[in-house]
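A short worksheet on the structure shown next.
The values are calculated or read from the model by the stated rules, or taken from the named source; none is laboratory data. Here the structure is a predicted model, which means the values were calculated and not measured. Note that we place each Cβ from the backbone using ideal geometry, even for glycine, and neighbour counts take in every protein chain shown. Calculation scope for accessible area: heavy atoms of the full protein, side chains included, ligands and nucleic acids excluded. Shrake-Rupley method; radii C 1.70, N 1.55, O 1.52, S 1.80 Å.
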Amino acid sequence: MLFMSGGPSQVDTFDPKPEAPAEIRGKFSPIKTNVSGIEISEHLPKLAQCADKFAIVRGVSHTLAAHRLGSEYINTGNRPLASLEYPG
């Protein structure tokens, strides 16, 4: 699992949105992967060659009021509690 907190934007890596308006889509060109219909950033050619070996999750949401709490929830599968620390 790649959890890139502070990493590159999804539109610059795994979700380039090539059909979206210019102000929304990524600035890098998409390239085809070895999975029909899936395109990723031109900067990830080696990943494009093995896209049949991984899953791309392009949308995750939570109802918690803070990014840190949401990150804990997504990484552990457990709703954060002040009295308990779950392993990441």
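A few notes on this one:
- Looking only at the stretch 69-83, and only at residues there that are open to solvent by 70 Å² or more (accessible area, probe 1.4 Å) and modelled with pLDDT of 85 or more, the one that is farthest from the chain's Cα centre (by Cα): Ser83
- Members of the stretch 1-15 found to be open to solvent by less than 70 Å² (accessible area, probe 1.4 Å), over 15 Å from Gly59 (Cβ atoms) and either of a type outside the set (D, E, K, R) or part of a loop (DSSP other than H, G, I, E, B) (or both), listed by number: Gly7
- Residue check, Phe28 open to solvent by 60 Å² or more (accessible area, probe 1.4 Å) and touching a Pro at 6+ places or on another chain (Cβ under 9 Å): yes
- Residue list for the stretch 15-60, filter: among the hydroxyl-bearing types (Ser, Thr, Tyr) and over 20 Å from Phe3 (Cα atoms): Ser29, Thr33, Ser36
- Selected residue (criterion: farthest from the chain's Cα centre (by Cα)) from residues of the stretch 45-68 that are farther than 20 Å from Pro16 by Cα and open to solvent by 100 Å² or more (accessible area, probe 1.4 Å): Ala65
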